[in-house]
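The next block holds one structure in the form of structure tokens; read it before the comments.
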Amino acid sequence: MKLPDIKEPEFKAPAHHVGVTSRVGTWLGIAFGLCFVTGLISHGVQHDWPWPTRPVNLYRITQGVHVISGVASIPLLLAKLWSVYPKLFERPLVKSVPHALERGSIFVLLGASFFELVTGLFNAAQNYPWSFYFPTAHYAVAWIAIGSMLVHIAVKIPVVRRTLEPRSEERTVLSRRAFLRTTALTTGVAVVATAGVTVPWLRKVSVLAWRSGSTLPVNRTAKAANVVVPANWRLKAGDRSFSLAELRAMPQTTVELPIACVEGWSQNATWTGVRVRDLVSGGDVRVESLERDGLYRATTLPEAFAQDPLTLLALELDGEELSPDHGFPCRLIAPNRPGVLQTKWVTSLEVTA
Ligand SMILES: Nc1nc2c(c(=O)[nH]1)N[C@H]1C(S)=C(S)[C@@H](COP(=O)(O)O)O[C@H]1N2
Ligand SMILES: [Mo]
């Protein structure tokens with residue numbers, strides 16, 4: 001009697017064709033690349049790397065690209081995994097040392113990618129179900145993800161080159177296209193459902209952009225920040241000090257500038273107040289808030305920002321006195337800065353250098 005051959009499982013579905021893997025992989029690589037570069041920019045801006053004051057919306061755009069490319073990466077990564085999972089059944093498991101290293105780097109890439117996408121998504125939902133400090137972890141793991149991705153690309157470039165060349169195997173090509181189309185469509189839906197957090201004209205169709213609306217979202221309330229404004233509040237500005245009435249009596253400027261939060265949402269608003277350069281003279285300016293010990297209680301305005309005619313100590317938002325949650329009695333608003341650096345409940349301005 002002849003024993004049946006034990007065969008490896010065969011995966012013939014069009015989604016598992018190497019041409020599909022290459023295409024989805026290329027899209028994913030582009031999305032990851034954009035996400036990495038814009039994330040790096042955001043990290044730099046928050047860590048005193050040189051950054052211009054114009055265009056006023058530049059940070060808003062880089063942050064928007066970060067969120068959109070991150071969201072797009074989720075369905076792309078899932079489609080890519082679906083496309084390649086039969087490789088898990090390939091035998092032998094390890095063919096050679098380079099092969100083992102290549103396989104190993106894929107596990108690192110996968111782990112790091114999932115970590116980045118999941119933490120990023122939770123962050124955009126303003127949800128922190130973990131105990132590590134998000135920016136540091138998200139930033140560190142980004143390097144692992146991009147490093148292992150570059151290794152993966154270097155290894156796979158010959159395959160991608162080969163498979164993206166036009167060839168004629170018409171029979172399966174159509175159904176492969178169907179898988180690619182579904183992937184593209186799912187990615188499009190995911191983007192449209194969330195991009196309204198940063199792109200105003202998409203707001204109406206972005207069902208998941210629940211934090212955005214006609215009024216400016218509040219990142220941290222006065223209550224959460226434990227801010228109590230003393231009755232005799234005065235702004236300290238260098239050697240001088242001003243009451244709220246005195247600030248209101250000074251020349252007022254109105255600007256339209258966005259809050260572009262690192263948590264993903266961006267929204268424009270109209271701000272009225274006193275130019276920072278009218279309150280303190282040249283140099284970098286340390287801005288402190290009434291908040292006692294929040295992480296974002298103080299920032300430093302580089303000189304170019306402090307001197308900018310659009311940089312205000314705002315007293316009004318959309319024509320009305322600032323509400324406690326938006327920073328009463330006054331808050332910083334400067335062009336092209338991440339929201340996290342637009343300090344609320346300001347109590348002092350000090351030239352440091
Ligand atoms: N003092 C203080 N200022 C702060 C914060 C804070 O926690 N404390 N949060 C910042 C963040 S992360 C953002 S996005 C903006 C949001 O401003 P808004 O709540 O007025 O929209 O305020 C910034 N200013
Ligand atoms: Mo923010």
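The values are calculated or read from the model by the stated rules, or taken from the named source; none is laboratory data. Nothing here was measured: the structure is a model prediction, and the numbers come from that model. Positions of Cβ are backbone-derived with ideal geometry, glycine not excepted, and every protein chain shown enters the neighbour counts. Accessible surface is based on the protein model in full, side chains and every heavy atom, while ligands, DNA and RNA are left aside. Shrake-Rupley method; radii C 1.70, N 1.55, O 1.52, S 1.80 Å.
Per residue, the chain exposes 54 Å² of accessible surface when a 1.4 Å probe is rolled over the protein heavy atoms with every protein chain present. Evaluated over the chain, the count of Lys pairs having alpha-carbon atoms less than 15 Å apart is 7 (only pairs 8 or more residues apart or interchain). Ordered from largest to smallest accessible area (heavy atoms of protein chains, 1.4 Å probe), the residues Ser175, Ser281 come out as Ser281, Ser175. To the nearest 10 degrees, how steep is helix 18-46 against the longest Cα principal axis of the chain, on a 0 to 90 scale? Tilt relative to the chain: about 20 degrees. Under the convention that each Lys and Arg Cβ holds +1 and each Asp and Glu Cβ holds -1, the size of the dipole of region 14-202 around its Cα centre is about 600 debye.
The apolar share of the surface of region 235-351, taken as the fraction of accessible area on carbon and sulfur atoms (1.4 Å probe, ligands and nucleic acids excluded), comes to 47 percent. With K and R counted +1 and D and E -1, the other residues having a Cβ less than 13 Å from that of Gly283 yield a net charge of -1.
Shape of region 250-301 from its Cα gyration tensor (a ≥ b ≥ c, root eigenvalues): rounded if a/c is under 1.5, otherwise prolate when a/b > b/c, or oblate? Oblate, because a/c is 1.5 or more while a/b does not exceed b/c. Place +1 on the Cβ of every Lys and Arg and -1 on the Cβ of every Asp and Glu in region 267-353, take the dipole about the Cα centre, and give the residue among Val285, Ala334, Leu312 whose Cα lies farthest towards its positive end. Selected residue: Val285. Could you compute the net charge surrounding Ala100? Neighbours are other residues with a C-beta less than 15 Å from the C-beta of Ala100; K and R count +1, D and E count -1. That works out to +2. In this structure Thr136 has an accessible area near 80 Å², from a 1.4 Å probe over the protein heavy atoms. With an a/c value under 1.5 for the gyration tensor axes a ≥ b ≥ c computed over the alpha-carbon atoms, region 213-353 is described as rounded.
Taking every protein chain into account, the 1.4 Å probe leaves Thr272 with about 20 Å² of accessible area, to the nearest ten. Carbon-plus-sulfur accessible fraction, region 14-202 (probe radius 1.4 Å, protein heavy atoms only): 73%. Only helices enter the 222 nm calculation for the chain: every DSSP H run of n ≥ 4 contributes -39,500 (n - 2.57), and dividing by all residues gives -15000 deg cm²/dmol, rounded to 500.
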